[in-house]
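Following this message is one structure expressed as structure tokens.
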Amino acid sequence: MFQFFTELKVDWMGLRKPFVFISIAILLAGLISAAGRQLTDGGTDAFNLGVDFQGGTVLTVKFREKPTADDVRSALNSVGINESVIQDSTDKPDEKLIKIPIIEGQATATPAPAPDANAQPQGGTTGGTQVEVGRAKVKSALDTFGKEAAADQTLEQDATAAYKIVGTDSVGPVAGEQLRDAAVIATLLGMIGILLFIAFRYDWTYAAGAVIAVFHDVLVTLAFFTVFQWEINLSVLAAMLTLVGFSVNDSIVIFDRIRENMNLNRTASLYDLTNRSINQTMSRTVVTNGLLFLAVLALVLFGGEVLRTFSLALLVGSIVGTYSTIAIASPIALWWQSKIGRAEMKDVTAEKTSGEKLASASRRSVTRRPVTR
Amino acid sequence: MNSKSLKVRTLIILAVTLAGIYFVFGPRRTPTGADFTWAGIKANLEQNINLGLDLKGGSHLVMRVKTDEYLKTLTENNAQAALTAAQDAKLPVTGSNVVADGSTYSITLNLGPDAQGAAVAEEVKKKVDLINWTEDVSANAVSWSLPSTTQTILKNQAVEQALKIIESRINAFGVKEPTLQRHGAEASAQILLQMPGVEDPERVKNLIGAESNLMLMKIVSPPNPSPVQTYPTREAALQSVGGALPPNRRVLPYAERDARPNADGTQPPPSWVVVEYPAVVDGSELRDAAAVSRTGNEADYQISFSFKPAGAQKFGEWTGRNIGNYMAVVLNDEVKSAAYIRSQIFDQGEISGQFTKSTADDLALTLRSGALPAKIEYLEERTVGPSLGADSIAAGLRASLGGLAFIIAFMLFYYRGSGVNAVIALILNMLLTGAAVVMFGATLTLPGIAGFILGIGMAVDANVLVFERIREEIRAGIPVSKAIWMGFDRAFITIVDANVTTIISSLILYLYGSGPIRGFAVTLILALLINLFTAVFVSRTIYGWLLSRNPEPKSLSI
């Protein structure tokens with residue numbers, strides 16, 4: 001049989017200091033990037049938040065003859081939109097993405113009646129929150145390039161048209177806040193759920209290790225997003241949730257092996273058992289996560305514009321999630337155990353046990369005992 | 001695993017697989033020959049899987065009913081009515097105060113000297129409905145305030161009413177398969193409207209938000225035969241009532257219907273009239289409204305309307321008392337026409353104005369559905385063109401299939417014969433997850449696909465865990481037949497722990513998350529539950545068959 005690792009004997013726990021150093025370095029880079037951008041005058045915000053979380057309007061426009069970004073920008077300026085981000089679609093040569101911030105005020109509304117005359121008993125529409133004016137304003141700017149294709153026709157069908165708005169996302173400040181809050185609250189509650197379940201099935205120390213590792217993964221992924229200024233939108237959120245799932249899954253696999261080894265071998269030190277468990281499951285770790293990584297890489301390369309940020313987040317997450325199980329979750333569990341006197345942070349049994357035949361698969365299986373802590 | 005249990009397991013798997021195939025690819029009616037052709041299967045698949053707007057195209061609108069404004073208007077109207085009632089009864093009331101600040105809504109009537117607070121309260125409550133208000137009578141004032149529980153109830157009623165009105169409007173407009181429901185927490189007063197296939201929601205939005213607030217009001221003017229009293233400017237109109245507007249008067253613009261455009265083509269500026277407030281009758285009393293052409297000319301439509309019995313009664317009595325006086329037809333705070341009352345009118349009226357057929361139709365439609373209880377503001381608007389949605393599906397599908405093909409190739413290479421086992425389990429997992437999505441009527445969105453992908457990832461992981469474990473046992477010198485069951489037994493605990501952890505966190509995401517997060521959670525939970533079946537039960541049964549043909553194999557292709 002073909003196989004990656006059979007007899008690995010790496011002292012992973014001994015590497016905890018360099019690991020922690022790497023993690024802190026990445027997190028610091030993220031922090032510096034975020035704080036630097038936030039504090040620099042005229043700089044960008046810490047994160048490149050999409051309209052989902054920040055509010056604003058983004059339109060996907062398909063052109064017959066695509067104008068340059070500068071042409072579009074000056075057209076937008078002429079209707080009073082001074083701030084805009086104009087991007088070419090990476091996978092469709094004839095499309096552009098136009099992103100504009102929230103337009104304050106009542107751009108298209110009739111002038112508000114004087115306060116003493118407006119006590120009408122019933123009402124109707126508001127004159128123009130940004131959600132309503134965003135699309136209309138951009139449309140009026142784009143009309144300088146020619147007319148838009150009719151509502152029920154594609155650009156190809158309407159020969160007289162110069163462009164067609166094929167997609168809009170317009171989110172007001174209230175909805176943006178709502179989506180953001182719901183996402184953060186749900187994710188935090190989800191982590192508490194994970195914490196409780198792992199604490200119930202294993203131990204508080206493992207639960208803490210797994211959850212801190214998950215936090216670490218989310219933060220490292222966010223660090224990548226601030227450093228490279230990738231846009232954070234709803235699909236990135238879905239990707240974050242996905243990577244939280246994978247990261248916890250990875251931690252559980254190793255914890256499960258530690259628990260099993262512990263029951264079979266009560267004399268061995270936890271330090272040693274942790275290392276051995278990581279080594280024993282390394283083959284599975286490489287196969288599973290390698291496959292995930294390659295599948296996600298396919299998404300990044302061929303998945304198209306809409307999935308781009310989603311797959312980028314997953315790509316980072318698939319690496320970080322694997323790494324954090326070994327470098328963060330396990331050392332933290334071990335460290336906590338050492339604090340309560342159940343383990344030591346060094347390899348005390350290295351010499352004693354080297355000659356002993358430990359935890360062979362056969363013995364483990366035959367003498368499996370009920371799970372105890 | 002004896003041969004009997006092996007057969008039972010196989011039957012279960014076959015039954016579940018067939019059911020899965022039926023749910024995903026089968027029609028929801030008696031099958032015909034066409035359902036077995038490629039095109040028939042494709043059509044059924046499209047019918048069965050409920051795609052979200054982000055994948056099939058359409059409009060997604062989140063709006064909020066301004067319930068604060070609703071309560072404010074209610075309070076102001078009641079205050080005005082209370083003051084009028086007290087004054088009509090010749091009670092010494094000096095004025096009224098209104099507080100409407102978003103949390104407190106109260107009306108205070110200030111009493112003159114020698115006034116009996118209780119008598120005032122008594123008199124007011126005869127005319128004004130203040131049952132749900134908390135009354136407070138003191139020496140020099142009577143006040144009513146809305147308790148917060150009542151505020152909540154009233155706000156909720158306003159949203160429900162708005163929901164009904166919007167529903168009748170979009171139905172009359174002919175939007176296909178719309179989704180219209182409350183959105184978010186009840187207190188947020190939000191409504192979600194999804195319209196598949198509607199790419200540019202502008203006209204629907206105008207229709208939903210249209211004010212169509214109709215009022216018939218008395219114009220302050222000398223009676224016929226003098227012409228109706230108008231003023232050239234707002235200021236002049238205000239001057240006529242002493243500079244400041246009393247609570248029972250309004251100044252409104254009046255655009256003369258048949259006014260000729262000026263020589264340079266611009267419309268003449270509107271004149272202004274003073275009307276009595278509140279209105280004699282309003283749009284809530286309408287029974288019907290229709291667009292009719294006055295001259296048969298396309299650009300010359302008007303709206304005729306009729307009242308419900310109660311409104312007709314009120315209107316009839318009032319017109320009977322006011323023959324010769326001028327009456328204004330006010331639409332959205334603009335006087336559309338002013339006419340003197342020739343005789344008592346009961347239930348008919350019309351709005352003249354320069355309407356085209358489509359604006360008159362839309363206006364009649366919104367009048368019929370009734371006026372919204374409060375204004376509406378849009379919080380979120382998303383439109384996805386059908387082509388954009390289709391492109392997302394195509395690109396995502398292409399990449400996913402590529403990834404899947406790679407995973408299958410790798411499993412076959414790395415685990416050889418056992419890889420076939422894994423591939424069967426994986427494909428079955430995808431089929432059954434799809435079937436579960438169809439069965440529960442869940443909507444497949446982009447985040448939902450992410451959940452699906454995570455589910456596939458964990459299905460692969462489950463197989464890898466089992467196989468690696470079996471390999472370990474074999475390496476340790478355990479006979480193949482025993483090693484297989486040991487591998488399953490041990491890996492099972494890990495798989496259950498890992499899946500249950502993720503199911504728990506997904507359940508919480510489902511309970512507390514908003515739309516897109518929920519879509520993710522639903523497909524993931526389904527995929528994980530099915531994973532426990534495919535990766536363990538199915539995979540085990542396949543090995544069972546293998547061993548039943550050769551109970552003591554020397555080696556295993558793994």
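Laboratory data are not the source of any read-out in this text; all were calculated from the coordinates shown. Note that the structure is a prediction, hence the values are computed from the model and not measured. Methodologically, a virtual Cβ is constructed for each residue, glycine included, from the backbone with ideal geometry; neighbour enumeration extends over all protein chains shown.
Between B:Val99 and B:Asn322, what is the spin-label point distance in nm, taking each point 7 Å from the Cα along the Cα→C-beta axis?
Roughly 3.5 nm, to one decimal.
How many angstrom lie between the C-alpha centres of segment B:481-558 and segment A:269-299?
Comparing the Cα centres of segment B:481-558 and segment A:269-299, I get a distance of 18 Å.
Using all alpha carbons of chain B, what is the percent of pairwise distances in each 20 Å bin, ordered from the shortest bin to the longest?
Distribution as computed: 16, 34, 23, 17, 9, 1 percent.
Further question: Exactly which trypsin sites (Lys or Arg not before Pro) in segment B:326-387 are in a DSSP loop and have at most 15 other Cβ atoms within 10 Å?
Answer by residue number: B:Arg342.
Set the Förster distance to 51 Å, then compute FRET efficiency between B:Trp545 and A:Ala136 from the Cβ-Cβ distance, nearest 0.05.
0.20
If you don't mind, there's one more thing I want to ask. On each of the three principal axes of the Cα atoms of segment B:127-262, give max minus min coordinate, whole Å, ordered largest first.
Sorted from largest, the Cα extents of segment B:127-262 read 60, 55, 24 Å.
On to the next question. Give me the orientation-averaged projected area of the Cα convex hull of the protein assembly as shown, in nm², one decimal.
50.7 nm²
So how much slack lies between B:Lys125 and B:Thr152, counting 0.36 nm per residue of separation and subtracting their Cα-Cα distance, in nm?
7.5 nm
As a check on your grasp of the helix formula, calculate [θ] at 222 nm for chain B: sum -39500 (n - 2.57) over DSSP H runs of n ≥ 4, divide by the residue count, round to the nearest 500.
-17500 deg cm²/dmol
What Kirkwood hydrodynamic radius, in Å, does segment B:324-466 give when the mean of 1/r is taken over all pairs of distinct Cα atoms and then inverted?
The answer is 21.8 Å.
Two-decimal Rg/Rh of segment A:181-225 from alpha-carbon positions, Kirkwood Rh?
1.05
Let me ask something else about it. Anything in chain B that counts as a DSSP H helix reaching 20 Å or more along its axis (C-alpha) with Kyte-Doolittle mean of at least 1.0? List them, would you?
B:3-25, B:386-439, B:480-512, B:515-531
Identify the residues of segment B:184-212 with backbone N under 14 Å of a label point that sits 7 angstrom from the Cα of B:Asn132 along the Cα-to-Cβ direction, or state none.
Those under the cut-off are none; the list is empty.
Another question, if that's okay. Determine the shielding of peptide B:438-451 by partner chains: average, over its residues, the number of Cβ atoms on other chains within 10 angstrom of each Cβ.
Average per residue, whole number: 3.
Looking at segment B:67-151, I'd like the Rg to Rh ratio, where Rg is from alpha-carbon atoms and Rh is Kirkwood's inverse mean 1/r.
Using only Cα positions, Rg/Rh for segment B:67-151 is 0.95.
Further question: So, in nm, how far is label B:Asp35 from label A:Ser338 when the simple model puts each one 7 Å beyond its Cα toward the Cβ?
A separation of 6.5 nm, rounded to one decimal place.
Please find the FRET efficiency linking B:Lys176 to A:Ala151, where r is the Cβ-Cβ separation and R0 is fixed at 22 Å, and quote it to the nearest 0.05.
Using R0 = 22 Å, I get an efficiency of 0.90.
Which whole-number percent is the relative contact order of segment B:67-151 (Cα, under 8 Å, 6+ apart)?
28 percent
How much length would be gained if the chain were fully extended between B:Lys357 and B:Ser555, taking 0.36 nm per residue of separation minus their Cα-Cα distance, in nm to one decimal?
Going from the current span to full extension adds 63.0 nm.
How much FRET efficiency would the formula 1/(1 + (r/R0)^6) give for A:Leu188 and B:Asp300, where r is the Cβ-Cβ distance and R0 is 60 Å, rounded to 0.05?
0.45
Of all the Cα-Cα pairs you can form in segment A:198-291, what percent are over 22 Å apart?
The answer is 40 percent, as a whole percent.
Given q = 0.17 Å⁻¹, what are the Debye log10 I(q)/I(0) values for segment A:124-214, with equal point scatterers placed on the Cα positions and solvent ignored?
At q = 0.17 Å⁻¹ the computed log10 ratios are -0.83.
For segment B:134-175, what are the per-bin percents of Cα-Cα distances with bins 10 Å wide, up to the bin holding the maximum?
24, 26, 21, 17, 9, 3
Please list the radius of gyration and Dmax for segment B:215-355, considering alpha-carbon atoms only, with Å as the unit.
15.6, 48
While we're here: May I ask you to list the trypsin sites (Lys or Arg not before Pro) in segment B:466-558 that are in a DSSP loop and have at most 13 other Cβ atoms within 10 Å of their Cβ?
Of the trypsin sites (Lys or Arg not before Pro), the ones in loops of segment B:466-558 whose Cβ has at most 13 other Cβ atoms within 10 Å are B:Lys554.
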